[in-house]
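Asker: Here you go, one structure.
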Amino acid sequence: MNLKKRNTWQLACMMLCVLALVISGCGKNSNNNVEPTATNSGGTNTATEEPAGDKPTTIKVSNWPKPNEEAQVAMYEEYLNKMKEKYPFITVDKDEWGYDVSSFLPKAASGELPTVYETFFTEADKIIKANYAADITDIMTKNEFDKSINPELLKLVQKDGKYYGIPKDGYVMGLMYNVNLFKQAGLLDDQGVPKFPKTYEELAVTAQTIKEKTGKSGFFFPTKNNQGGWMFMNIAWAYGAEFEEQVDGKWKAVFNTPEAAAALQYVKDLKWKYDVLPANNLVDVGTDLFQMFGTEQVAMSFGISDWGNAIVQNLKMPKDNLAMSALPTGPKGNATLLGGGLYMFAPDATPDQLDSAFKWLDVRGFSPQTSEEALNGLETQSKTANEQNLIVGPHGLRVWVNEERINAEQAILDKYTNVNMAMFDDYMNNGSAGLRPEVPVNAQELYKTLDVVIQAVLTNKNADPAQLLEKAAADFQKDYLDKVQ
């Protein structure tokens, strides 16, 4: 895909992002060199004090790569070297912890949050309300992030006109393909690209063909750790289902409908009619999907562009064995889940620590600026990934609105692209069709609720999708939505 074509896709995608997001609306940190800070009535750091200059400061950074993630380790070591060179007074402590719904609250309540941590779009509201994120309004505006990031994304991290986080990336759900299994099944076109299924019915038939020709599972569908519900949303929307509605100011669970039951029946059929799913009914993405996909035990799965490199690096799968397409069309058209990640900051981080955290982001290349120095971190990331034989070229949604920054990022990607982009063109060009934001209230809890019904239809051939959803909707209403009225 040429630069102009990619930029056209990007601009269109960002516009869709804006439209979709209009619809939507987890104490003290003992690791943060505790110093007295000004706080607002909610208990979060207002960060109105000015940093003290080149004062020795220590910050802790989450999501540090694990030792076996060689490419990421190399990138982060390069970032550390640049931090030491530019800001010798800043010490960066490593924390491998990454956001998890079950571990966040205990970590936050005991004051163990890293200075800068990552989380999901869906979690911003509850984290802000619980006062587990610092007010970064002053430093955000000082560094012009407020003027450079998609304003609809910024709404996710705002409360009472103040900012409590930074949207860092976005993703559009697509379909991932193990190219070698498609080749074995005779399902490549004359260019060597997988024949992508265009409808959910075609997906099931394609998966069945792969199972018959290779003996391997044609499709992977997660069922635990909130991931089954997360993936189910894409199918259900495409079947015409909705999940939450606000009526007279009150939220209602509305997924006890024929449309939702039809979508759940489709998932059930993947198991009992088409027999294309793995034998294990309790599976997740990070462990089971990556392992099975990377060792050619499964041919297709829902996925996002970032997952490919995790599989390539950890399972040593050749980078050219991955392709992606847009999601199939359902009976009611296209529907594709839009999600993403945020940077948030420990609630008791001092002004010096926040200033240092923003310097860390800048060194990593996450900055609205387009100077060579500002883009150095992104260049390091792309160059190192290329040298480590990881996938460079495909990307998720960008958060920036300034075209100069978008073009500068794309120029770096073009410089280091090392895969056949025909394997990803359908995803890059068509992946945003039917873009849908995650539900605005208790999204993760909804996913957990849906995990249970998905497990039920995959373990019991006689399970009734409509009955399961009727009970699930009633339970979700009672346990969650009634409590936010």
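The values are calculated or read from the model by the stated rules, or taken from the named source; none is laboratory data. Computed from a predicted structure; not experimentally measured. Note that each Cβ is placed from the backbone with ideal geometry, even for glycine, and that neighbours are counted across all protein chains shown. Each accessible area value is taken on the protein alone, full model and side chains, heavy atoms only, with ligands, DNA and RNA left out. Shrake-Rupley method; radii C 1.70, N 1.55, O 1.52, S 1.80 Å.
Asker: Of the residues that make up the stretch 233-255, is at least one open to solvent by 20 Å² or more (accessible area, probe 1.4 Å), at pLDDT 95 or above and among the polar types (S, T, N, Q)?
Answerer: no
Asker: If L21 satisfies all but one of (1) modelled with pLDDT under 60; (2) in a loop (DSSP other than H, G, I, E, B), what's the number of the condition it fails?
Answerer: (2)
Asker: Next question. Tell me, which residue of the stretch 133-169 that is part of a loop (DSSP other than H, G, I, E, B) and in contact with a Leu (Cβ under 7 Å, 6 or more places away or on another chain) is farthest from A349 (Cα to Cα)? Steps first, please.
Answerer: Going residue by residue through the stretch 133-169, those that are part of a loop (DSSP other than H, G, I, E, B) are 133-136, 143-144, 150, 160-161, 164-165.
Going one step further and asking which of them are in contact with a Leu (Cβ under 7 Å, 6 or more places away or on another chain), we end up with 134, 136, 165.
Working: A134: 7, I136: 10, G165: 13 Å.
The selected residue is G165.
Asker: Being acidic (D, E), crowded, with 23+ Cβ neighbours inside 10 Å and either modelled with pLDDT under 95 or touching a strand residue (DSSP E or B) at 6+ places or on another chain (Cβ under 7 Å) (or both) is the requirement here; does D348 meet it? Spell out how you get there, then give the answer.
Answerer: Numbers: acidic (D, E): yes; crowded, with 23+ Cβ neighbours inside 10 Å: yes; either modelled with pLDDT under 95 or touching a strand residue (DSSP E or B) at 6+ places or on another chain (Cβ under 7 Å) (or both): yes.
So D348 passes the test.
Asker: Take K142 and decide whether it is more than 19 Å from the chain's Cα centre (by Cα), more than 22 Å from S367 (Cβ to Cβ) and open to solvent by 10 Å² or more (accessible area, probe 1.4 Å). Steps first, answer last, please.
Answerer: On the way: more than 19 Å from the chain's Cα centre (by Cα): yes; more than 22 Å from S367 (Cβ to Cβ): no; open to solvent by 10 Å² or more (accessible area, probe 1.4 Å): yes.
So K142 does not fit the description; no.
Asker: Within the stretch 438-454, can one find any residue that is open to solvent by 30 Å² or more (accessible area, probe 1.4 Å), among the β-branched types (V, I, T) and assigned by TED's automatic domain parsing to the domain that holds Y274?
Answerer: Taking every residue of the stretch 438-454 in turn, at least one turns out to be open to solvent by 30 Å² or more (accessible area, probe 1.4 Å), among the β-branched types (V, I, T) and assigned by TED's automatic domain parsing to the domain that holds Y274.
Asker: So which of T287, T223 is out of contact with any helix residue (DSSP H, G or I) (no Cβ under 7 Å at 6 or more places or on another chain) and on the phi < 0 side of the Ramachandran plot?
Answerer: It is T287.
Asker: Can you pull out the helices (runs of 4 or more DSSP H) entirely within the stretch 400-466 that have at least 1 residues that are farther than 18 Å from Y171 by Cβ?
Answerer: 403-416, 443-459
Asker: When you check A279 against the structure, is it loosely packed, with under 15 Cβ neighbours inside 10 Å and at pLDDT 95 or above, yes or no? Lay out the reasoning, then the answer.
Answerer: On the way: loosely packed, with under 15 Cβ neighbours inside 10 Å: yes; at pLDDT 95 or above: yes.
It is true that A279 is loosely packed, with under 15 Cβ neighbours inside 10 Å and at pLDDT 95 or above.
Asker: In this structure, does T122 turn out to be buried (at least 18 other Cβ atoms within 10 Å of the Cβ) and at pLDDT below 95?
Answerer: When the stated conditions are applied, T122 passes them.
Asker: Take the residues in the stretch 299-311 that are open to solvent by less than 10 Å² (accessible area, probe 1.4 Å) and over 20 Å from A263 (Cβ atoms); name whichever of them is modelled with the highest pLDDT. Let's see the steps before the verdict.
Answerer: Start the filter on the stretch 299-311 by keeping residues that are open to solvent by less than 10 Å² (accessible area, probe 1.4 Å), which leaves 299-303, 308, 311.
With the extra rule that they be over 20 Å from A263 (Cβ atoms), the set shrinks to 299, 308, 311.
Values: A299: 98, G308: 95, I311: 95.
Top of the filtered list is A299.
Asker: Taking the stretch 414-424 only, how many residues are over 20 Å from L338 (Cβ atoms) and crowded, with 19+ Cβ neighbours inside 10 Å? Break it down into steps so the answer makes sense when it comes.
Answerer: First pass over the stretch 414-424, keeping only residues over 20 Å from L338 (Cβ atoms): 414-423.
Those still in the list that are crowded, with 19+ Cβ neighbours inside 10 Å too: 423.
Residues flagged as over 20 Å from L338 (Cβ atoms) and crowded, with 19+ Cβ neighbours inside 10 Å within the stretch 414-424 amount to 1.
Asker: Still on this structure: Which pairs have Cβ atoms under 8 Å, sit 6 or more apart or on different chains, and link a residue in the stretch 287-302 that is of a type in the set (D, E, K, R) to one that is open to solvent by 40 Å² or more (accessible area, probe 1.4 Å)?
Answerer: Here the result reads D288/N280; E296/N180; E296/K216, each pair linking the stretch 287-302 to a residue that is open to solvent by 40 Å² or more (accessible area, probe 1.4 Å).
Asker: Continuing with the same structure: On the given criteria, is G192 small (G, A, S), outside any helix (DSSP H, G or I) and assigned by TED's automatic domain parsing to the domain that holds T459? Write out each step before concluding.
Answerer: Values: small (G, A, S): yes; outside any helix (DSSP H, G or I): yes; assigned by TED's automatic domain parsing to the domain that holds T459: yes.
Yes, satisfied.
Asker: What is the one condition in (1) buried (at least 19 other Cβ atoms within 10 Å of the Cβ); (2) polar (S, T, N, Q); (3) out of contact with any helix residue (DSSP H, G or I) (no Cβ under 6 Å at 6 or more places or on another chain) that Q467 does not satisfy?
Answerer: Checking Q467 against (1) buried (at least 19 other Cβ atoms within 10 Å of the Cβ); (2) polar (S, T, N, Q); (3) out of contact with any helix residue (DSSP H, G or I) (no Cβ under 6 Å at 6 or more places or on another chain), the one that fails is (1).
Asker: So, T57, is that one exposed (fewer than 13 other Cβ atoms within 10 Å of the Cβ) and β-branched (V, I, T) or not? Working first, answer last.
Answerer: Numbers: exposed (fewer than 13 other Cβ atoms within 10 Å of the Cβ): no; β-branched (V, I, T): yes.
Spelling it out, it is not the case that T57 is exposed (fewer than 13 other Cβ atoms within 10 Å of the Cβ) and β-branched (V, I, T).
Asker: Then there is this: Could you identify the single residue in G365, G377 that is under 28 Å from G308 (Cα atoms) and outside any helix (DSSP H, G or I)? Reasoning before the result, please.
Answerer: Numbers: G377 fails: outside any helix (DSSP H, G or I).
It is G365.
Asker: Restricting the first residue to the stretch 258-272 and requiring it to be more than 17 Å from W237 (Cα to Cα) and assigned by TED's automatic domain parsing to the domain that holds N460, which pairs with a second residue that is modelled with pLDDT of 95 or more and basic (K, R) meet a Cβ separation below 8 Å and a spacing of at least six or different chains?
Answerer: If the second residue must be modelled with pLDDT of 95 or more and basic (K, R), the pairs left are W272/K461.
Asker: Starting from residues that are of a type in the set (D, E, K, R) and out of contact with any Leu (no Cβ under 8 Å at 6 or more places or on another chain), keep the ones in the stretch 382-413 and report whichever is least open to solvent (accessible area, probe 1.4 Å).
Answerer: The extreme case among them is R405.
Asker: Let me ask something else about it. Can you tell me which residue among L435, L481 is under 30 Å from G396 (Cα atoms) and either outside the structural domain of D320 (by TED's automatic domain parsing) or open to solvent by less than 40 Å² (accessible area, probe 1.4 Å) (or both)?
Answerer: Values: L481 fails: under 30 Å from G396 (Cα atoms).
From the options L435, L481, the qualifying one is L435.
Asker: Going by what's in this entry, would A385 be described as at pLDDT 95 or above, more than 12 Å from V116 (Cβ to Cβ) and not in a loop (DSSP other than H, G, I, E, B)? Can you show your working first?
Answerer: Working: at pLDDT 95 or above: no; more than 12 Å from V116 (Cβ to Cβ): yes; not in a loop (DSSP other than H, G, I, E, B): yes.
So A385 does not fit the description; no.
Asker: Which residues, counting only those in the stretch 358-376, are small (G, A, S) and touching a Ser or Thr at 6+ places or on another chain (Cβ under 8 Å)?
Answerer: The initial filter retains those residues of the stretch 358-376 that are small (G, A, S), namely 365, 367, 371, 374.
Once the filter is applied, which keeps residues that are small (G, A, S) and touching a Ser or Thr at 6+ places or on another chain (Cβ under 8 Å), the stretch 358-376 yields G365, A374.
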